[in-house]
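All of the numbers you see were taken from the coordinates with simple rules; none came from a lab. What you see is a predicted model, and the numbers here were worked out from it, not measured in a lab. So basically every Cβ, Gly included, is an ideal-geometry build from the backbone, and we count neighbours across all protein chains shown.
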Amino acid sequence: MAAHRARRWSLGGSVLLVSAAVTAAFTFITTGPSADRADAAAPAAVTWSDEFDGPAGSAPDPAKWTLETGGGGNGNHELQYYRDSRDNAALDGNGNLVITARKNTDPGLQCWYGACQYTSARLNTAKTFTQAYGHFEARIKVPRGQGMWPAFWMLGNDLGSVGWPNSGEIDIMENVGYEPNAVHGTLHGPGYSGGGGIGAAYNLPGGAAFADAFHVFAVDWSPEKITWSVDGTTYQTRTPADLGGKKWVYDHPFFMILNLAVGGDWPGSPNADTQFPQTMTVDYVRVSASGGTGNSGDGGNGGATKTGAIKGVGGMCVDVAGASAADGTPIQLHDCTGVDAQKWTLGSDGTVRALGKCLDVRGGSTADGAAVQLYTCNGTKAQQWVHTSARDLTNVGADKCLATKDNASGDGTPLQIRTCSGAANQKWTLA
C-alpha cells in the first residue's frame, strides 16, 4: 500500500475547531410543502445532508460548510493554496458542488515553498455538524492526472484539545492520480498514523478509472467496527483487533472534510501531462444515524428496512413488466401474484429495489408523466424515494409522486411520476 501523508490537518482548521460549538440536529427528509407530506421520513433517520441544489456559481452553504484558507502544505508538502473563492468551490446549478484546482495567477499568494503554483478548496463541517457513529456517504466524480489528490474524510472533534492523530481520522475515500483505478480507505490514530495507517484499497473491475463516472463512497461506523464500501460493495472492515493493542479512538463525534489537494508526498507533483483546471464533483453528502450497504454491488439491498408487495389503486401490485431485470424495463400495475417481480425492498439508502435493481425515473426527468422503469442502481436522485405517512411514494429528485397513467387501474397500466395531488392513483401501501 502506498505511503500516506504525515498529517492532513492545518493550523487554521485547528483554530476553527477549538472555537466551534456544535449541536447535531436530528432531522428527517421531507419532500415538499404539501401538508400531507410534512411528516414524511426517509427509510433511515437522516441527520445531515447537502444535495448542493442552488444557482450555478453560488457558494457552498455557509450554514453547513467552512472553507479553509492557506498554503502551508498541511504536513504533506502539498502545492495548492486553499482559497475561500467561488473560482475554487461553487455549485454548478445541476445539483453538484464542484471543487476546482487551478494554476495560480495571483502573485500575492505565498505557499510554504514560495509563490503558489496552484489554488484549490477544502471544506469542513467542524463548526456546523459532528456525529459519532452512523452511515456517512458521498457521491463523487474524482479528477484525473498525476499529482491530483481528492479526498472525503473525517477528523475527531477533540482535535483542538488532543491533537492529531490522537483525535482519530477516518479516510472514507482518497485517490491519487497515478492510481486511476483505485481508492483507499484508512484509519489514522495514535501509533498508526501516516504511512502506518490501517486500511485497504478498492480497485474498479475491468481496469476502469474512477474519474470516468460518479461513484458512491461510504462508511458504516459503529462502536466496535468501521466498514468501507464503494457503490454498495463492502471492501474492508476494521475493528479494535486490527490495531495490535493500540488505542481505538473512534468513540466520539467526528466532522467531515471534502478537499482536492495538488501534489504532496504521496501523489507527487503534477507533470507535463496533467491538465488544468481539474475538478472534483460532489453530487451529495448524506449522513444517517444508522444505515447499511448492499452486500455485493448493485445486487445489494440498500440496507433493507422492509420487503414486500407495493399495492395501489384497486388492490393492484407494482410489477416489473415481464419479470425482466433488463435496464429500462417498464414498471406497471398487475394483479398481485407474489412473484419476485412484485417483491420490493425499501432500503435505508432511499432506494426501492426489485430483481437486484432500482426503481428509477427514466432519464432523471422531473416532468409530469415521466415514465418509471427498472434500472441498475447508481445513487442518483432519480432513484431516491420517500414513502410518507400519507402513503405517497415520492421521488426525491423530482419532488413528485408515483402514479398510474391516466388515473387507470387496469392490469398492465404503466406507472409514472406526477405532481402530488392526493388522488387514489398516487396512494401506495407496502404489504
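For the chain, with a Gaussian network of springs between Cα atoms less than 10 Å apart, report the residue from 276, 136, 217 with the top mean-square fluctuation. Per the Cα network of the chain with a 10 Å cutoff, 276 tops the list.
Rounded to the nearest whole Hz, the Karplus-based 3J(HN,Hα) values (6.51 cos²θ - 1.76 cosθ + 1.60, θ = phi - 60°) of the stretch 412-420 follow the sequence x, 5, x, 9, 8, 10, 8, 3, 5, with x at glycine and proline. Each of 317, 307, 371 was placed along the dipole of the stretch 297-430 (beta-carbon charges, centred on the mean Cα), and the one lying farthest toward the positive end is 307.
For the stretch 34-192, averaging the sequence separation of C-alpha pairs within contact (under 8 Å, six or more residues apart) and dividing by the residue count gives a relative contact order of 17 percent. Charge dipole (Cα centre; +1 on Lys/Arg Cβ, -1 on Asp/Glu Cβ; no other charges) of the chain amounts to roughly 260 debye. Give the shape of the stretch 347-418 as rounded, prolate or oblate, defined through the alpha-carbon gyration tensor: a ≥ b ≥ c are the square roots of its eigenvalues, a/c under 1.5 means rounded, and otherwise the shape is prolate if a/b is larger than b/c and oblate if not. It comes out rounded by the Cα gyration axes.
Note on the stretch 121-194 and the stretch 214-233: Cα centroid distance 13 Å, given to the nearest whole angstrom. The stretch between residue 411 and residue 200 holds 71.0 nm of extra length on full extension. This uses 0.36 nm per residue minus the Cα-Cα distance. Find how many whole Å separate the alpha carbon centroid of the stretch 362-408 from the alpha carbon centroid of the stretch 237-285. Rounded to whole Å, the Cα centres lie 34 Å apart. Projected over all directions and averaged, the alpha-carbon convex hull of the stretch 297-430 occupies 6.7 nm².
Largest mean-square fluctuation among 112, 153, 164, in a Gaussian network model of the chain whose springs join Cα atoms under 10 Å apart, belongs to 112. A protection proxy built from the mean count of other Cβ atoms within 10 Å ranks the segments 338-347, 59-68, most packed first, as 338-347, 59-68. Highest-first packing order for the peptide set 424-430, 126-132, 167-173 is 167-173, 126-132, 424-430, based on the mean count of other beta carbon atoms within 10 Å.
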